[in-house]
Every structure is written in structure tokens, then in C-alpha cells.
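Just below is one structure, and these are the notes that go with it.
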Amino acid sequence: MHRIESEPFHASNEASHAFLSALAAPGRAADIDEADDVYGWLVGSWSLEVLRYRGVDLAGQGMTAETHFSWILEGRAIGDVWIMPARGARPPQDPAMNMYGITLRHWDPQLRAWRIEWCNPARDHRETQIGRRVGTDIVQTGARPNGQATRWRFTEIEQDRFHWIGEALDIDGDTWRVEGEFLATRVAR
């Protein structure tokens, strides 16, 4: 077997621009009804105050994060990137507090809900969930690869702020334990 030697690949600005241009979409696809557009209001950039992460109470400790949302894939999906600590404070002093992950949220017309895949390579963490509007909240439910049930909620939703709570079901099968909690404020457009 012959080994092929090659020059290391270096992404150019042109290649990065071509990728981002192919990924990004100007808005929601016409085949997604406005009533089903659960996540479009999030498009833009958000500053996050971290209240809790991995079950650790961080309220008042000045931990910040950021998240960015965009329509992608011809407007049939929302992509978002969650970064903690925020880029100005990276890398984190505590590797357990490292988050630099991406979410793909895509509309499933047969299910009439959003399928969600989350991946945080910085901590080798991934989840799949289903998201729907429940009253005034957005509720995502699913399970980790080990079967542990999870629930992520967008609550106290306003045009320029929201409260995000991530929970996991304890082994007792009744108690939801808060693992992550963020207060988000939209960054000026």
C-alpha cells in the first residue's frame, strides 16, 4: 500500500467564505409555515450570563458566554454556536467549563416539530432532542447516548432576552436536575 504525501491543507479566506455562503440562508424557507417557526426569532448574536453549568452554581461569578443563531440550509434549519467562556476569555481556566459547540435545528414536517442535534467537541458531549412550543416556552426533550433523559427550555422569552435552562432526569425517574442555566441578552444589531 502506497502512502500519499500531501501538503497540509490550510483553509483560505476564499474557501471559508464559499462554505459560509453555501451554508447561510437569508430567512425561513417558504415550506415552513410561520406558525411552525419556533426558532427564527433567535437569529442574531446573544451575550450570556452563566448561572449554572455542569451543576455548578456560577451565579454572580462573572462567567460569560455567547451564542450566535442563523438560518442555514436554504432556510430549512437554524444553526447556532454556543461558546463558553466567551471568546474574549478563552481558553477556560477550568477544562470542565469548556463549551464550543454547534446545534442543528431542522424542521420535520411529518413530526410537526424540530429535530435537534447538539455537539460540543470541546467536552465530547452530544445530544439529540425534539423541540416544540409549549405555551409561551420552547421545550426540547430527548436523551443522551447513555439513555439519560434531557430537557432544555427557553423561558421568559422576549424579543431581546430569554432564560435558558438545561436539565437531566435523575435516576429516580421523577426529579429533573438543573445542569445548565443562562440568561441571554441580544447583542445590538
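The values are calculated or read from the model by the stated rules, or taken from the named source; none is laboratory data. Since the model is a prediction, treat every value here as computed from it, not as a measurement. Here the Cβ positions follow ideal geometry from the backbone for every residue, glycine too, while neighbour counts run over all protein chains shown.
Which one is surrounded by the most Cβ atoms within 10 Å (Cβ to Cβ) among residues in region 134-158 that are part of a loop (DSSP other than H, G, I, E, B) and at pLDDT 95 or above?
Checked region 134-158; the qualifying residue surrounded by the most Cβ atoms within 10 Å (Cβ to Cβ) is Thr136.
Tell me, please, whether a residue that is modelled with pLDDT under 95 and not aliphatic (A, V, I, L, M) can be found in region 62-77.
yes
Report yes if Thr128 is exposed (fewer than 14 other Cβ atoms within 10 Å of the Cβ), under 25 Å from Gly75 (Cβ atoms) and at pLDDT 95 or above, otherwise no.
For Thr128, the condition - exposed (fewer than 14 other Cβ atoms within 10 Å of the Cβ), under 25 Å from Gly75 (Cβ atoms) and at pLDDT 95 or above - is not met.
Could you tell me whether Ser47 is surrounded by 12 or more Cβ atoms within 10 Å (Cβ to Cβ), among the hydroxyl-bearing types (Ser, Thr, Tyr) and at pLDDT 85 or above?
The answer is yes for Ser47.
What's the number of the only condition in (1) under 19 Å from Met84 (Cβ atoms); (2) in contact (Cβ under 8 Å) with a residue 60 or more places away in the chain that Trp107 fails to meet?
Here Trp107 clears every test but (1).
Within region 111-133, is there a residue that is under 18 Å from Leu42 (Cβ atoms) and either hydroxyl-bearing (Ser, Thr, Tyr) or not in a strand (DSSP E or B) (or both)?
no
Can you find a residue in region 98-114 that is closer than 19 Å to Asp57 by Cα, in contact with a Pro (Cβ under 6 Å, 6 or more places away or on another chain) and at pLDDT below 95?
The answer is yes; a qualifying residue exists.
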